[in-house]
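As C-alpha coordinates, the structure follows; a few thoughts come after it.
The values are calculated or read from the model by the stated rules, or taken from the named source; none is laboratory data. Keep in mind it's a predicted model, so treat the numbers as computed, not measured. Here the Cβ positions follow ideal geometry from the backbone for every residue, glycine too, while neighbour counts run over all protein chains shown.
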Amino acid sequence: MPKLIIQIPSLNEAASLPETIAALPRRIEGVDRVEVLVIDDGSDDGTAEVARRAGADHVIRFPQNQGLAQAFSAGIDAALKLGADVIVNTDADNQYDARDLPELVRPILEGRADMVVGDRGPGELAHFSPLKRSLQSYGSWVVRGISGTDVPDAASGFRAFSRRAALRLNVISDFTYTLETLVQAGKKQLAVTHVPVRSRETRPSRLFKSIPSYLYRSFLTLVRIYSLYSPIRLFWAVGSLMLLSGVAIGLRFLFFYVTTGGAGMVQSLILAAALGIIGVQTILMGLIADLIGASRSLVEDTLLRVRKIELELDVPADLEPGYHEEDGSHEARPGGRSGAAGAR
(Lines give C-alpha, C1' and ligand atoms only; values in the text may rest on other atoms or scores of the structure.)
Protein backbone atom coordinates (compact mmCIF):
# COMPACT_ATOMS: atom_id res chain seq x y z
CA MET A 1 0.00 0.00 0.00
CA PRO A 2 1.18 3.56 -0.69
CA LYS A 3 2.94 5.84 1.75
CA LEU A 4 1.66 9.38 2.29
CA ILE A 5 3.82 12.27 3.50
CA ILE A 6 2.18 15.55 4.52
CA GLN A 7 4.62 18.43 4.12
CA ILE A 8 4.19 21.74 5.94
CA PRO A 9 6.35 24.72 4.87
CA SER A 10 6.66 26.97 7.93
CA LEU A 11 8.02 30.40 8.77
CA ASN A 12 7.68 31.49 12.41
CA GLU A 13 4.66 29.26 12.96
CA ALA A 14 5.50 28.00 16.47
CA ALA A 15 2.15 29.23 17.79
CA SER A 16 -0.10 27.48 15.26
CA LEU A 17 1.99 24.47 14.23
CA PRO A 18 1.04 22.15 17.16
CA GLU A 19 -2.66 22.56 16.37
CA THR A 20 -2.04 22.02 12.65
CA ILE A 21 -0.06 18.81 13.22
CA ALA A 22 -2.51 17.50 15.83
CA ALA A 23 -5.41 17.87 13.39
CA LEU A 24 -3.74 15.82 10.64
CA PRO A 25 -5.17 12.30 10.18
CA ARG A 26 -2.67 9.52 10.83
CA ARG A 27 -4.84 6.81 9.29
CA ILE A 28 -6.37 7.10 5.83
CA GLU A 29 -8.16 4.38 3.91
CA GLY A 30 -5.98 3.07 1.11
CA VAL A 31 -2.76 4.39 2.67
CA ASP A 32 -0.33 2.15 4.54
CA ARG A 33 1.52 4.90 6.42
CA VAL A 34 1.10 8.63 7.05
CA GLU A 35 4.08 10.78 8.04
CA VAL A 36 4.50 14.51 8.66
CA LEU A 37 7.39 16.56 7.27
CA VAL A 38 7.91 20.15 8.46
CA ILE A 39 10.13 22.56 6.52
CA ASP A 40 11.34 25.35 8.82
CA ASP A 41 12.20 28.18 6.45
CA GLY A 42 14.66 30.08 8.62
CA SER A 43 12.29 30.73 11.54
CA ASP A 44 13.55 32.54 14.63
CA ASP A 45 10.79 31.38 17.01
CA GLY A 46 11.87 27.75 17.47
CA THR A 47 9.52 26.33 14.83
CA ALA A 48 11.73 23.28 14.23
CA GLU A 49 11.82 22.32 17.92
CA VAL A 50 8.08 22.91 18.27
CA ALA A 51 7.51 20.66 15.24
CA ARG A 52 9.51 17.86 16.88
CA ARG A 53 7.56 18.13 20.13
CA ALA A 54 4.27 18.28 18.24
CA GLY A 55 4.95 14.92 16.59
CA ALA A 56 6.48 15.70 13.20
CA ASP A 57 8.21 12.62 11.82
CA HIS A 58 10.77 14.61 9.83
CA VAL A 59 12.07 18.19 9.94
CA ILE A 60 14.08 20.23 7.43
CA ARG A 61 15.50 23.50 8.70
CA PHE A 62 17.04 26.32 6.71
CA PRO A 63 19.35 28.59 8.74
CA GLN A 64 18.18 31.51 6.59
CA ASN A 65 14.84 32.23 4.96
CA GLN A 66 14.70 30.87 1.41
CA GLY A 67 11.12 31.71 0.47
CA LEU A 68 7.98 29.62 0.12
CA ALA A 69 8.82 28.25 -3.32
CA GLN A 70 12.21 26.91 -2.18
CA ALA A 71 10.75 25.47 1.01
CA PHE A 72 8.10 23.69 -1.03
CA SER A 73 10.70 22.27 -3.43
CA ALA A 74 12.91 21.07 -0.57
CA GLY A 75 9.92 19.32 0.96
CA ILE A 76 9.01 17.58 -2.28
CA ASP A 77 12.59 16.38 -2.76
CA ALA A 78 12.82 15.09 0.82
CA ALA A 79 9.42 13.39 0.64
CA LEU A 80 10.44 11.52 -2.50
CA LYS A 81 13.68 10.35 -0.86
CA LEU A 82 11.70 9.25 2.20
CA GLY A 83 9.67 6.95 -0.03
CA ALA A 84 6.44 8.90 -0.46
CA ASP A 85 3.98 7.64 -3.05
CA VAL A 86 1.61 10.53 -2.39
CA ILE A 87 2.61 13.98 -1.11
CA VAL A 88 0.19 16.49 0.40
CA ASN A 89 1.13 20.12 0.94
CA THR A 90 -0.72 22.16 3.55
CA ASP A 91 -0.22 25.46 5.36
CA ALA A 92 1.22 25.70 8.86
CA ASP A 93 -1.36 28.25 10.01
CA ASN A 94 -4.14 25.62 10.07
CA GLN A 95 -6.04 27.43 7.33
CA TYR A 96 -7.22 24.21 5.69
CA ASP A 97 -9.51 21.70 7.39
CA ALA A 98 -7.49 18.50 7.77
CA ARG A 99 -10.71 16.45 7.76
CA ASP A 100 -10.82 17.01 3.97
CA LEU A 101 -7.41 15.42 3.45
CA PRO A 102 -8.74 11.88 2.68
CA GLU A 103 -10.91 13.29 -0.10
CA LEU A 104 -7.98 15.32 -1.39
CA VAL A 105 -5.84 12.24 -1.96
CA ARG A 106 -8.63 9.94 -3.13
CA PRO A 107 -8.36 10.81 -6.88
CA ILE A 108 -4.65 9.95 -6.75
CA LEU A 109 -5.19 6.69 -4.84
CA GLU A 110 -7.83 5.70 -7.40
CA GLY A 111 -5.47 6.50 -10.29
CA ARG A 112 -7.66 9.30 -11.66
CA ALA A 113 -5.25 12.21 -11.13
CA ASP A 114 -1.60 13.15 -10.74
CA MET A 115 -2.35 16.40 -8.95
CA VAL A 116 -5.35 17.45 -6.85
CA VAL A 117 -6.01 21.02 -5.71
CA GLY A 118 -8.26 21.83 -2.78
CA ASP A 119 -10.95 24.28 -3.89
CA ARG A 120 -11.88 26.71 -1.11
CA GLY A 121 -14.50 28.41 -3.27
CA PRO A 122 -12.65 31.74 -3.06
CA GLY A 123 -15.50 33.64 -4.71
CA GLU A 124 -17.78 32.78 -1.80
CA LEU A 125 -15.49 32.92 1.25
CA ALA A 126 -17.02 35.19 3.87
CA HIS A 127 -13.68 36.11 5.44
CA PHE A 128 -12.38 37.39 2.08
CA SER A 129 -13.11 41.00 1.22
CA PRO A 130 -15.17 41.63 -1.95
CA LEU A 131 -12.01 42.88 -3.68
CA LYS A 132 -10.04 39.77 -2.71
CA ARG A 133 -12.86 37.46 -3.80
CA SER A 134 -12.99 39.17 -7.19
CA LEU A 135 -9.21 39.09 -7.64
CA GLN A 136 -9.00 35.42 -6.63
CA SER A 137 -11.75 34.46 -9.09
CA TYR A 138 -10.28 36.51 -11.93
CA GLY A 139 -6.74 35.29 -11.22
CA SER A 140 -7.87 31.66 -11.24
CA TRP A 141 -9.63 32.28 -14.56
CA VAL A 142 -6.39 33.63 -16.04
CA VAL A 143 -4.39 30.64 -14.74
CA ARG A 144 -6.96 28.22 -16.17
CA GLY A 145 -6.53 29.82 -19.57
CA ILE A 146 -2.74 29.73 -19.43
CA SER A 147 -2.38 26.23 -17.97
CA GLY A 148 -5.23 24.51 -19.80
CA THR A 149 -6.59 23.14 -16.51
CA ASP A 150 -10.00 23.67 -14.91
CA VAL A 151 -8.90 24.39 -11.33
CA PRO A 152 -11.19 27.08 -9.81
CA ASP A 153 -8.83 28.00 -6.93
CA ALA A 154 -5.36 28.47 -8.39
CA ALA A 155 -3.92 30.06 -5.24
CA SER A 156 -4.85 27.19 -2.92
CA GLY A 157 -1.85 25.68 -1.13
CA PHE A 158 -3.80 22.58 -0.05
CA ARG A 159 -2.93 20.11 -2.77
CA ALA A 160 -1.82 16.54 -3.33
CA PHE A 161 0.73 15.13 -5.77
CA SER A 162 1.38 11.64 -7.01
CA ARG A 163 4.95 10.41 -7.05
CA ARG A 164 4.90 10.74 -10.85
CA ALA A 165 3.87 14.40 -10.68
CA ALA A 166 6.33 15.24 -7.90
CA LEU A 167 9.21 13.87 -9.97
CA ARG A 168 8.28 15.98 -13.00
CA LEU A 169 7.55 19.36 -11.45
CA ASN A 170 10.41 21.88 -11.20
CA VAL A 171 9.78 25.10 -9.30
CA ILE A 172 12.05 27.91 -10.49
CA SER A 173 10.14 30.84 -9.00
CA ASP A 174 11.41 32.43 -5.79
CA PHE A 175 7.93 33.68 -4.85
CA THR A 176 5.28 30.95 -4.77
CA TYR A 177 4.78 27.45 -6.15
CA THR A 178 0.98 27.49 -6.54
CA LEU A 179 0.71 29.17 -9.93
CA GLU A 180 3.87 27.67 -11.39
CA THR A 181 3.05 24.05 -10.56
CA LEU A 182 -0.39 24.42 -12.12
CA VAL A 183 0.99 25.83 -15.37
CA GLN A 184 3.70 23.16 -15.49
CA ALA A 185 1.22 20.37 -14.78
CA GLY A 186 -1.01 21.56 -17.61
CA LYS A 187 1.86 21.93 -20.08
CA LYS A 188 3.30 18.53 -19.15
CA GLN A 189 -0.04 16.80 -19.67
CA LEU A 190 -0.40 15.69 -16.07
CA ALA A 191 -3.90 14.79 -14.93
CA VAL A 192 -5.11 17.66 -12.71
CA THR A 193 -8.39 17.80 -10.82
CA HIS A 194 -9.86 19.56 -7.79
CA VAL A 195 -12.05 18.76 -4.81
CA PRO A 196 -13.98 21.11 -2.50
CA VAL A 197 -12.30 21.76 0.86
CA ARG A 198 -13.12 23.86 3.89
CA SER A 199 -10.92 26.67 5.13
CA ARG A 200 -10.91 29.06 8.05
CA GLU A 201 -9.82 32.64 8.56
CA THR A 202 -6.20 33.02 9.70
CA ARG A 203 -3.72 35.80 10.27
CA PRO A 204 -2.71 37.95 7.24
CA SER A 205 -0.41 36.25 4.76
CA ARG A 206 3.34 36.64 5.27
CA LEU A 207 4.01 35.90 1.62
CA PHE A 208 3.25 39.43 0.47
CA LYS A 209 2.90 42.86 2.06
CA SER A 210 -0.11 44.06 0.08
CA ILE A 211 -2.54 43.05 -2.65
CA PRO A 212 -0.78 45.19 -5.31
CA SER A 213 2.52 43.52 -4.38
CA TYR A 214 0.95 40.07 -4.71
CA LEU A 215 -0.62 40.93 -8.07
CA TYR A 216 2.65 42.32 -9.40
CA ARG A 217 4.74 39.32 -8.37
CA SER A 218 2.09 36.84 -9.51
CA PHE A 219 1.92 38.57 -12.90
CA LEU A 220 5.69 38.33 -13.31
CA THR A 221 5.61 34.66 -12.33
CA LEU A 222 2.89 33.84 -14.87
CA VAL A 223 4.62 35.73 -17.68
CA ARG A 224 7.91 34.00 -16.89
CA ILE A 225 6.41 30.51 -16.80
CA TYR A 226 4.25 31.06 -19.86
CA SER A 227 7.29 32.36 -21.73
CA LEU A 228 9.15 29.18 -20.83
CA TYR A 229 6.49 26.82 -22.14
CA SER A 230 4.85 28.83 -24.95
CA PRO A 231 7.54 31.28 -26.13
CA ILE A 232 6.51 31.45 -29.78
CA ARG A 233 2.90 32.25 -28.95
CA LEU A 234 3.90 35.01 -26.52
CA PHE A 235 6.72 36.61 -28.51
CA TRP A 236 4.94 36.31 -31.84
CA ALA A 237 1.79 37.89 -30.42
CA VAL A 238 3.75 40.89 -29.10
CA GLY A 239 5.96 41.10 -32.19
CA SER A 240 3.03 40.85 -34.60
CA LEU A 241 1.18 43.59 -32.72
CA MET A 242 4.17 45.92 -33.04
CA LEU A 243 4.74 45.00 -36.67
CA LEU A 244 1.10 45.58 -37.62
CA SER A 245 1.11 48.87 -35.73
CA GLY A 246 4.18 49.94 -37.69
CA VAL A 247 2.54 48.92 -40.97
CA ALA A 248 -0.64 50.84 -40.09
CA ILE A 249 1.31 54.00 -39.23
CA GLY A 250 3.39 53.55 -42.39
CA LEU A 251 0.24 53.33 -44.54
CA ARG A 252 -1.05 56.47 -42.84
CA PHE A 253 2.19 58.25 -43.80
CA LEU A 254 1.87 57.05 -47.41
CA PHE A 255 -1.72 58.30 -47.56
CA PHE A 256 -0.74 61.79 -46.45
CA TYR A 257 2.39 61.71 -48.64
CA VAL A 258 0.31 60.98 -51.73
CA THR A 259 -2.49 63.42 -50.90
CA THR A 260 -0.67 66.33 -49.27
CA GLY A 261 3.00 65.71 -49.91
CA GLY A 262 3.65 64.36 -46.40
CA ALA A 263 4.70 67.66 -44.91
CA GLY A 264 5.06 67.36 -41.12
CA MET A 265 4.60 63.57 -41.19
CA VAL A 266 8.24 62.51 -40.86
CA GLN A 267 7.65 61.53 -37.21
CA SER A 268 5.10 58.96 -38.33
CA LEU A 269 7.61 57.45 -40.75
CA ILE A 270 10.24 57.20 -38.01
CA LEU A 271 7.74 55.61 -35.59
CA ALA A 272 6.58 53.14 -38.23
CA ALA A 273 10.15 52.09 -38.96
CA ALA A 274 10.95 51.71 -35.25
CA LEU A 275 7.86 49.59 -34.57
CA GLY A 276 8.57 47.45 -37.63
CA ILE A 277 12.15 46.77 -36.57
CA ILE A 278 11.18 46.00 -32.97
CA GLY A 279 8.35 43.75 -34.17
CA VAL A 280 10.65 41.70 -36.41
CA GLN A 281 13.25 41.43 -33.64
CA THR A 282 10.60 40.27 -31.15
CA ILE A 283 9.41 37.57 -33.56
CA LEU A 284 13.02 36.41 -34.05
CA MET A 285 13.43 36.35 -30.25
CA GLY A 286 10.43 34.01 -30.14
CA LEU A 287 12.20 31.61 -32.49
CA ILE A 288 15.33 31.70 -30.33
CA ALA A 289 13.27 31.21 -27.17
CA ASP A 290 11.57 28.21 -28.75
CA LEU A 291 14.96 26.65 -29.49
CA ILE A 292 16.01 27.32 -25.89
CA GLY A 293 12.73 25.74 -24.77
CA ALA A 294 13.63 22.57 -26.66
CA SER A 295 16.94 22.47 -24.77
CA ARG A 296 15.07 23.06 -21.51
CA SER A 297 12.91 20.01 -22.23
CA LEU A 298 16.05 17.92 -22.62
CA VAL A 299 17.44 19.32 -19.35
CA GLU A 300 14.19 18.49 -17.54
CA ASP A 301 14.28 14.97 -18.93
CA THR A 302 17.86 14.61 -17.69
CA LEU A 303 16.87 15.97 -14.27
CA LEU A 304 14.02 13.43 -14.09
CA ARG A 305 16.45 10.61 -14.80
CA VAL A 306 18.90 11.94 -12.18
CA ARG A 307 16.13 12.03 -9.59
CA LYS A 308 15.16 8.46 -10.38
CA ILE A 309 18.79 7.35 -10.11
CA GLU A 310 19.10 9.10 -6.72
CA LEU A 311 16.01 7.29 -5.50
CA GLU A 312 17.31 3.95 -6.75
CA LEU A 313 20.62 4.59 -4.96
CA ASP A 314 18.68 5.47 -1.79
CA VAL A 315 20.25 8.92 -1.47
CA PRO A 316 19.02 10.19 1.94
CA ALA A 317 16.93 13.29 2.47
CA ASP A 318 18.64 16.40 3.81
CA LEU A 319 16.90 16.43 7.19
CA GLU A 320 17.46 18.47 10.32
CA PRO A 321 20.17 17.02 12.62
CA GLY A 322 18.75 15.18 15.60
CA TYR A 323 16.79 12.36 13.96
CA HIS A 324 17.91 8.76 14.27
CA GLU A 325 17.39 5.51 12.40
CA GLU A 326 15.72 3.77 15.34
CA ASP A 327 12.77 6.17 15.40
CA GLY A 328 12.15 5.89 11.67
CA SER A 329 14.08 8.98 10.60
CA HIS A 330 17.61 9.90 9.60
CA GLU A 331 20.27 11.94 11.36
CA ALA A 332 21.60 14.44 8.86
CA ARG A 333 25.28 15.31 8.76
CA PRO A 334 27.03 18.26 7.14
CA GLY A 335 26.53 18.06 3.39
CA GLY A 336 23.12 16.46 3.72
CA ARG A 337 24.28 12.83 4.11
CA SER A 338 22.65 10.74 6.80
CA GLY A 339 24.46 8.63 9.33
CA ALA A 340 23.58 5.48 7.41
CA ALA A 341 24.85 6.94 4.17
CA GLY A 342 28.00 8.22 5.78
CA ALA A 343 28.84 4.74 7.00
CA ARG A 344 28.69 3.23 3.54
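Quick one: would you say Gly83 is modelled with pLDDT under 95, surrounded by fewer than 23 Cβ atoms within 10 Å (Cβ to Cβ), more than 20 Å from the chain's Cα centre (by Cα) and closer than 22 Å to Leu169 by Cβ? Yes; evaluated as a whole, the condition is true for this residue.
Restrict the check to the range 24-31 and report whether at least one residue is among the basic types (Lys, Arg) and at pLDDT 95 or above. The answer is no; no qualifying residue exists.
The residue that is surrounded by the most Cβ atoms within 10 Å (Cβ to Cβ), counting only those in the range 137-163 that are without any contact (Cβ under 8 Å) to a residue 40 or more places away in the chain and of a type in the set (S, T, N, Q), is Ser140. When the range 286-304 is filtered for residues that are surrounded by 15 or more Cβ atoms within 10 Å (Cβ to Cβ) and aliphatic (A, V, I, L, M), only Ala289 remains. Determine which member of the set Ile283, Ile278 is closer than 12 Å to Pro231 by Cβ, β-branched (Val, Ile, Thr), surrounded by 14 or more Cβ atoms within 10 Å (Cβ to Cβ) and modelled with pLDDT of 80 or more. Only one candidate qualifies: Ile283. The single condition among (1) touching an Asp or Glu at 6+ places or on another chain (Cβ under 8 Å); (2) modelled with pLDDT under 90 that Pro130 does not meet is (1). Evaluate the following for Ile270: is it closer than 27 Å to Met242 by Cβ and touching a residue at least 12 places away in the same chain (Cβ under 8 Å)? The answer is no for Ile270.
Does any residue of the range 94-102 turn out to be under 22 Å from Glu180 (Cβ atoms), touching a residue at least 24 places away in the same chain (Cβ under 8 Å), out of contact with any Gly (no Cβ under 6 Å at 6 or more places or on another chain) and small (Gly, Ala, Ser)? So far as the range 94-102 goes, no, none of its residues is under 22 Å from Glu180 (Cβ atoms), touching a residue at least 24 places away in the same chain (Cβ under 8 Å), out of contact with any Gly (no Cβ under 6 Å at 6 or more places or on another chain) and small (Gly, Ala, Ser). The conditions of being closer than 22 Å to Gln184 by Cβ, more than 18 Å from the chain's Cα centre (by Cα) and either at pLDDT 95 or above or among the small types (Gly, Ala, Ser) (or both) are met by Gly111. Checking the range 173-181 against the condition returns a match, with at least one residue being buried (at least 17 other Cβ atoms within 10 Å of the Cβ), touching an Asp or Glu at 6+ places or on another chain (Cβ under 8 Å), at pLDDT below 90 and farther than 14 Å from Val117 by Cα. Scanning the range 68-80 for residues that are buried (at least 24 other Cβ atoms within 10 Å of the Cβ) and farther than 18 Å from Ala48 by Cβ yields a single hit, Ile76. Output the number of the condition that Ala341 fails; it satisfies all remaining conditions of (1) within 24 Å of the chain's Cα centre (by Cα); (2) in a helix (DSSP H, G or I); (3) modelled with pLDDT under 85. Every listed condition holds for Ala341 apart from (1). Counting only strands (runs of 3 or more DSSP E) that fall entirely inside the range 1-63 and contain at least 2 residues that are over 22 Å from Arg99 (Cα atoms), the qualifying elements are 33-41, 58-62.
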